[in-house]
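In what follows, a structure is listed as structure tokens, so that the remarks can point back to it.
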Amino acid sequence: NWSGFEGHRQRTVSFWLKLPKDGDYSKYPGIVGWGDRANSKWKVAAVNSQKGASAKIRLSWGGVWLTSRSTLEPSKWHHVTVTTNGQINQDGYPEAELYFNGQKQEASYDKQIGNPKDFEFGTSIGTLSSTPLLIGSDLFVRQEDRNFFNGEIDELYIFDGHMTEDEVQKIYNR
């Protein structure tokens, strides 16, 4: 029942991922995450538009997310690292990087909220609407409301701190 890192604290998750050929990630099932699912969470998810389509990786804070432009090929193992430094960029978005197989990926921000500069980013833990660390699931408090991840996850690590590109490559090449 680890509750996760709170607020703007730097963090990194790293894992191996294998997606099935017929994966449906249109409801954004979580790979790993914690916090209040509305607007104070930190969740890494696979996303696609329809069953069987190639999936991207998305980091969500709630009303704002960062999505990889590249997709992960189904039926192959991929090493994925997501790292954040706790800072906010000039456009008001949290700074984060996505890596596939040790290589930094191009990614784009999107939002459901108004101006990101008017939004307070951070991860809430310890509230009635927050969930502790969940692997392979959405962050709904009630289990019957959750969307479960369809795929394989291996060697999941959570690090207290931001990783550089060199550090990410060392983990991938171990």
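The values are calculated or read from the model by the stated rules, or taken from the named source; none is laboratory data. Because the structure is a prediction, the values reported are computed rather than measured. Glycine gets a Cβ as well: all are built from the backbone with ideal geometry, and neighbour counts include every protein chain shown. Surface accessibility is based on the protein's heavy atoms, side chains included, excluding ligands, DNA and RNA. Shrake-Rupley method; radii C 1.70, N 1.55, O 1.52, S 1.80 Å.
Tell me, which longest segment in the chain has none of the GluC sites (Glu not before Pro) that fall in DSSP loops with at most 11 further Cβ atoms within 10 Å?
Values: sites that count: GLU106, GLU120.
Looking at the chain, 1-105 is the longest stretch - no exposed GluC sites (Glu not before Pro) with at most 11 other Cβ atoms within 10 Å.
For the chain, what is the accessible area per residue in Å² when the probe is 1.4 Å? Display every interim value, and only then the final one.
Values: 8750 Å² over 174 residues.
Here the per-residue accessible area is 50 Å².
Take the chain, connect every pair of alpha-carbon atoms lying under 10 Å apart with a spring to form a Gaussian network, then pick out the residue of ARG58, ARG11, ARG142 with the largest mean-square fluctuation.
Largest GNM mean-square fluctuation: ARG142.
Once you have the Kirkwood Rh of segment 40-79 from its Cα pairs, apply Stokes-Einstein at 37 °C and 0.692 mPa s and quote D in µm²/s. Present the calculation step by step, with values, prior to reporting the outcome.
Values: Rh = 11.0 Å.
The Stokes-Einstein estimate is 299 µm²/s.
Once the Cα gyration tensor of the chain is diagonalised, what are the square roots of 5 times its eigenvalues, in whole Å and ordered largest first, as equivalent ellipsoid semi-axes? Provide the component values of the computation, followed by the final result.
Details: eigenvalues 97, 74, 52 Å².
So the three semi-axes of the chain are 22, 19, 16 Å.
Just the number, please: Stokes-Einstein D of segment 26-92 in µm²/s, Kirkwood Rh from C-alpha pairs, 10 °C, 1.306 mPa s.
Values: Rh = 13.0 Å.
Translational D for this selection: 122 µm²/s.
Probe radius 1.4 Å, ligands and nucleic acids ignored: give me the carbon and sulfur share of the accessible area of the chain as a rounded percent.
Working: 3650 of 8750 Å².
Answer for the chain: carbon and sulfur cover 42 percent of the accessible area.
Straight-line reach from LYS104: which lysines have a Cα under 20 Å away, not including same-chain ones fewer than 8 places off?
Counting by Cα, and skipping residues close in sequence, LYS104 has these lysines nearby: LYS18, LYS43, LYS56, LYS76, LYS170.
Which one of SER68, SER49, SER40 has the biggest mean-square fluctuation once the chain is modelled by GNM with Cα springs under 10 Å?
SER49
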